[in-house]
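For reference, the structure is listed below as structure tokens.
Coordinate-derived values only; no laboratory data. What you see is a predicted model, and the numbers here were worked out from it, not measured in a lab. Every residue, glycine among them, receives a Cβ derived from its backbone with ideal geometry; neighbour counts consider all protein chains shown.
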Amino acid sequence: MLVGPMTAPGIELEGLAKSFGSVHAVRGVDVSIAPGEIVALLGPNGAGKSTTIDMLLGLTRPDRGRVSVFGLEPSAAIDRGLVGAMLQSGALIRDLTVRELVDMVAALYPSPFSVDEVLTLAGCVPIADRRTQKLSGGQAQRVRFAVAVVSNPELLVLDEPTAAMDVEARHGFWVSMRTFAARGKTVLFATHYLEEADDHADRIVLMAAGRIVADGPATEIKAKVGGRIVRATLPGVDPAELAGLPGVTGAESRGEAVVLTCSDSDATLRALLPAYPQARDIEVTGAGLEQAFLELTAPGTETDFGDVGAPEPR
């Protein structure tokens, strides 16, 4: 039996702050997530992502601020089976088969998915009778996903969910996650794979040094970085020559190709083509998520951003 759509408020993080000694891990985070949203939480190491997730799940108490999960305290929402989580840490119980483990967890909740349904969703049918200590890293991640969703939660929290997965397994995981989210579920995931956020999130929350530096759809995040990239096949030309062209802020050589970072790509092209008529295969693209990530999270992009690069407490 599936739980119907939530009518209560979604996820509310208001003024969250958390310090560990002299390390200010989270500094006044405000985030609202509507029911049914898929949100990616991004940021460099030390940004405060895991600490924010721990406070959302009630694993760490904030020094200041408030967490509300569908109108409830985190512990109350978890007790009702409204929250499923797949974290970086934590081992699977040994000496159980995958099916036995998922079945045991399902028995703890009032309205779980069927075990067979979850094993299919998580891609665990081929390993259902395998002991948990015999799983590869990628297989163990799929089992953690099955354990996280078997309660039929309204909120699924994923912290680096595709770590240890190969490319094929990562693709299969996101197909499964999309199938789960299509039921109207809310998903919050943290990842270092920027293409996963670009491809699968409705919205991106970008953190640096414990604060939010950008929040919006991937297209909006990328638009915050105004530059464009000009790529062309232009063998034998020193990038230092190209760096002097109008509108060029950076130039590098990649084999026979050159890559120009531009503040004004129109001015660059008007100067490039007459000066280098042998240039071919010219492409002009907008800033990617990686470029936006690097620029928006760079030290000094926000005031009072101490402790950049400090270890992120769990």
From zero outward in steps of 10 Å, how is the percent of C-alpha pairs of the stretch 1-100 spread across the bins?
13, 41, 31, 14, 2
Nearest 10, in degrees from 0 to 90: the angle of helix 265-275 to the longest Cα principal axis of the chain is 40 degrees
Cα-derived Rg over Rh, computed across the stretch 46-110 with Rh taken as Kirkwood radius
1.04
Ranking request for peptides 155-162, 279-286: highest mean number of other beta-carbon atoms within 10 Å first, then the rest in descending order.
155-162, 279-286
If I take every Cα pair under 8 Å that is 6 or more residues apart in the chain, average their sequence separation and divide by the length, what percent do I get for the relative contact order?
22 percent
Work out the count of Lys pairs in the chain where the Cα-Cα distance is under 27 Å, with the pair 8 or more places apart or on different chains.
5
Be a star and scan the stretch 191-231 for residues whose amide nitrogen sits under 17 Å from the point 7 Å along the Cα-to-Cβ vector of residue 254.
194-195, 227-231
Over the Cα atoms of the stretch 227-286, what radius of gyration and what Dmax do you get, in Å?
9.8, 26
Pair-distance profile P(r), taking every C-alpha pair of the chain, with 20 angstrom steps and integer %:
29, 48, 21, 2
So, in Å, what gap is there between the alpha-carbon centers of the stretch 109-182 and the stretch 18-43?
25 Å
